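Participant: Have a look at the structure that comes next, please.
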Amino acid sequence: MPVPSRSGPDSFSKRSRNPTQTRLMKPFHLPGKCPAIVPGTLVLVATLLLPHSASAIDWSGVTGPFGTGTNWVGGIVPSATNASILNGGTATVTGGDNFGVTFLNLGGHSGTGFVSQDGGAVTATRVILGGDDAGGGTGQGTYNISGGTLSGTGGEMWVGSKGGTGFLNLSGGATVTNNTWIVIGRDGAAGQVTISGTSELKNTSQNIGIGVFSTGKSSSVTVENSGKLTSANELYVGWGAGNTNEGTLTVRDNGVVTVAAGLVVGRENAKGTMTVSNSSAVNIGGFLVVGADGSAVGNMTINDSSTVNATQMIWIGQNNGTGTLTLNGGTVSGHANGGMDSTGAGVSFRGASGTLNLNGGTLETPGFNRPSGSATINFNGSLIKATGNTNTGSFFNNFAASSLNVQSGGLRMDTNGNTITVTQGLAGAGGVEKSGAGTLKLTGVSTFGGASTVSAGTLLNNGSLGSTAVTVSTGAFFGGTGTGTNTVTINAGGTLAAGDGGIGSLTVAAADIDGTLAVETNGSGAGTIDLLNVTGQLDISGATLSFTNIGSALDDAVYILATYGSLLGTFANVNTPSGYTLNYAFGGNSIALVAIPETSTALLGSLALLAAMKRRRR
């Protein structure tokens with residue numbers, strides 16, 4: 001596979017089916033960028049082929065030092081030439097050794113070869129472990145390196161090529177680098193790489209591919225026990241040749257994956273699978289795409305206390321691909337990129353189908369967007385932390401209400417100092433948990449059945465919350481202008497306040513207030529005081545009533561601030577406006593501010609109260 005060209009940070013190249021010919025590069029472009037094929041961006045690149053030939057020096061020994069001449073045909077240790085181990089033998093490299101060859105091939109077309117290295121340095125222009133360029137082979141090559149370095153200096157490094165099978169195992173702090181492509185399993189081959197024990201497989205230029213155009217084959221990379229996989233450009237897990245071609249990347253036990261540009265899990269009809277677990281980290285200096293192009297299928301799962309951070313957007317399904325991202329634990333961060341998505345969302349769905357399963361952990365994003373295709377978000381216990389609010393409408397832009405499912409674990413939202421609006425009605429068995437500074441506004445007609453809590457900040461019901469019970473903690477607020485058949489419990493230190501930034505009314509089925517009922521007033525006439533409508537029982541025996549004037553002074557005879565089906569107790573603390581008193585049974589089922597009549601007008605009191613009641617009841 002020759003070195004592909006790039007025409008910008010958002011493109012990657014498509015390989016040719018014939019490695020003996022020059023290759024036409026086809027850039028891949030994310031939405032909002034230039035089309036898939038743009039005049040002036042196509043590049044012809046010559047293929048670097050260094051096949052096994054008469055000039056190659058073959059290994060003839062069984063197991064022995066790489067640097068011993070009698071282990072090689074002709075008694076010559078390869079130096080600046082091709083070196084092949086095809087006879088099932090094992091070459092050993094140890095500390096102090098330093099070997100340089102042009103082309104290192106283990107296994108070739110139909111043989112078997114091994115290298116065992118625990119120190120020293122091996123340099124090769126090109127490396128193939130298992131297979132060759134001819135195709136249809138069955139060769140198998142294994143390179144075990146537990147110390148020292150293996151360095152590719154010009155050609156590509158293939159672990160499994162053209163029907164062969166390759167194995168690369170790094171441990172003990174070993175380092176394997178290449179300055180062009182590193183491909184694990186390509187063109188009908190299978191490759192397997194294990195990186196552990198602070199070892200590192202590193203690409204210093206170009207890209208890394210796992211399972212590339214290998215129909216019917218699966219290739220895998222495991223990064224574990226503080227091992228590192230590093231790409232100076234992009235990383236592809238599964239690419240091309242249909243869904244029977246699969247690439248798998250497993251990152252576990254403090255493993256680290258670093259990608260300078262983009263990470264794509266499942267691209268161009270292939271299947272890609274990635275799992276991150278046990279305090280591992282994936283750092284992406286660009287975009288993350290799960291399921292891109294054609295009939296590609298991408299699956300990514302994050303567990304435990306692991307982290308996945310993309311400095312640009314996360315796409316779940318893109319260009320007809322199908323993607324599923326499942327967050328069971330840890331933290332995933334997606335960031336806005338205006339050139340890719342004008343809404344400023346951090347997570348976007350643009351494929352044939354995209355599914356986001358939020359089962360635990362934390363997802364950090366400034367919003368969600370669905371430009372096209374089918375999208376589903378299952379809220380089941382993950383905390384969504386808003387890192388901004390750049391969406392002009394709903395935080396879930398262009399999502400159908402039916403695609404937002406509140407499962408038993410619930411929708412947990414940390415507004416993080418922002419004002420977040422959800423316009424869709426939410427449904428499901430779970431509830432809503434509001435945390436963090438800032439405000440969450442629900443404006444749709446919701447029917448979710450689980451209990452909801454407000455542990456910090458403000459939750460506003462400006463639509464309908466149905467029958468969900470709402471509990472408000474110390475220091476938190478609940479209010480809005482909507483309706484509900486729900487019970488609201490305001491704990492000591494919490495606040496219930498009808499309205500949204502002004503005078504308004506809020507309807508609930510029942511309210512038990514041990515905190516504060518905050519009421520705003522503004523002058524005289526209809527609509528100048530907040531109104532709490534409680535269709536059932538209103539319990540104020542432990543409540544504080546607080547008034548705030550936001551405009552003109554009060555001058556009406558009566559202001560109704562609450563209605564109820566039944567009333568329990570009276571306010572424990574009241575700061576009644578000057579010149580007014582409270583009537584807890586005004587009109588039979590209302591709490592009202594009633595002006596204290598002057599002595600000269602006391603005889604007109606009854607008529608004034610009756611007139612006021614007709615004016616003020618709503």
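The numbers here are math on the coordinates, done by the rules we state, and not lab data. Since the model is a prediction, treat every value here as computed from it, not as a measurement. Please note: Cβ atoms are built from the backbone with ideal geometry, for glycine as well, and neighbour counts cover all protein chains shown.
Participant: Please report the antiparallel percentage of the DSSP beta bridges confined to the chain, to the nearest 5. List each step's numbers first, then the result.
Facilitator: Values: 15 of 233 bridges.
Among the beta bridges of the chain, antiparallel pairing accounts for roughly 5 percent.
Participant: Just to be sure I follow: if Rg is taken over the C-alpha atoms of segment 451-618 and Rh is the Kirkwood radius over the same atoms, what is Rg/Rh? It would help to have the intermediate numbers written out before the result.
Facilitator: Working: Rg = 15.5 Å, Rh = 16.0 Å.
My calculation of the ratio gives 0.97.
Participant: Rg/Rh for the chain to two decimals, with Rh computed the Kirkwood way over all alpha-carbon pairs. Please report the intermediate quantities before stating the final value.
Facilitator: Working: Rg = 33.6 Å, Rh = 27.8 Å.
With Rh from the inverse mean 1/r over Cα pairs, Rg/Rh is 1.21.
Participant: Could you put I210, I57, I195, I540 in order, starting from the residue whose Cβ has the fewest other Cβ atoms within 10 Å? Write out the running numbers ahead of the final one.
Facilitator: On the way: I210 33, I57 19, I195 28, I540 24.
Sorted ascending by nearby Cβ count, the order is I57, I540, I195, I210.
Participant: I've got another one for you. In degrees, nearest 10, range 0 to 90: what is the angle between the Cα axis of helix 605-616 and the longest Cα principal axis of the chain?
Facilitator: Approximately 30 degrees, to the nearest ten.
Participant: Taking the Cβ of each residue in Y580, Y236 as the centre, tally the other Cβ atoms inside 10 Å and list the residues starting with the fewest. Walk me through the intermediate numbers first.
Facilitator: Details: Y580 19, Y236 29.
Final ranking by Cβ density, sparse to dense: Y580, Y236.
Participant: Could I ask something else about it? Tell me, T70, T521, T516 in order of fewest to most beta-carbon neighbours within 10 Å? Before the final figure, lay out each step's value.
Facilitator: Details: T70 10, T521 23, T516 20.
In increasing order of surrounding Cβ atoms, one gets T70, T516, T521.
Participant: Can you give me the Kirkwood hydrodynamic radius for segment 427-546, using every pair of distinct Cα atoms, in Å to one decimal?
Facilitator: Details: mean 1/r = 0.0718 Å⁻¹.
Final number for the Kirkwood radius of segment 427-546 is 13.9 Å.
Participant: Another question about this same structure. Run the numbers on the chain and let me know its relative contact order in percent, using alpha-carbon pairs under 8 Å that are six or more apart.
Facilitator: Working: 2280 pairs, mean separation 27.4, N = 618.
4 percent.
Participant: So what's the gap between the Cα centers of segment 307-367 and segment 527-580, to the nearest angstrom?
Facilitator: If you average the Cα positions of each part, the centres end up 45 Å apart.
Participant: Still on this structure: Suppose only helical runs count, i.e. DSSP H with n ≥ 4. What mean residue ellipticity at 222 nm does that imply for the chain under -39500 (n - 2.57) per run, divided by all residues and rounded to the nearest 500 deg cm²/dmol?
Facilitator: On the way: 1 runs with 12 residues, N = 618.
The helix-only estimate for the chain comes to -500 deg cm²/dmol at 222 nm.
Participant: Still on this structure, please answer the following. Just need the relative contact order of segment 451-618 here, percent rounded to a whole number, with Cα pairs under 8 Å and 6+ apart. Working shown, then result.
Facilitator: Numbers: 468 pairs, mean separation 24.5, N = 168.
15 percent.
Participant: Just to be sure I follow: if Rg is taken over the C-alpha atoms of segment 88-153 and Rh is the Kirkwood radius over the same atoms, what is Rg/Rh? Walk me through the numbers on the way to the answer.
Facilitator: Numbers: Rg = 11.9 Å, Rh = 11.9 Å.
Answer for segment 88-153: 1.00.
Participant: Further question: I'd like the Kirkwood hydrodynamic radius of segment 227-353, using the inverse of the mean 1/r over distinct C-alpha pairs, in Å.
Facilitator: Numbers: mean 1/r = 0.0718 Å⁻¹.
Across segment 227-353, the inverse of the average 1/r is 13.9 Å.
Participant: Using every pair of alpha-carbon atoms in segment 324-409, split the distances into 5 Å bins beginning at 0 and state the percent of pairs per bin, rounded to integers.
Facilitator: Binned Cα distances yield the sequence 4, 15, 26, 28, 20, 6, 1, 0.
Participant: Within the chain, how many Lys pairs that are eight or more residues apart, or on different chains, come under 25 Å at the alpha-carbon?
Facilitator: 22
Participant: S372 versus T215, label points 7 Å from Cα toward the beta carbon: distance in nm?
Facilitator: It is 2.8 nm.
Participant: Give me the percent relative contact order of segment 303-358, please, defined on Cα pairs under 8 angstrom at least 6 residues apart.
Facilitator: Values: 120 pairs, mean separation 26.0, N = 56.
About 46 percent, as a whole number.
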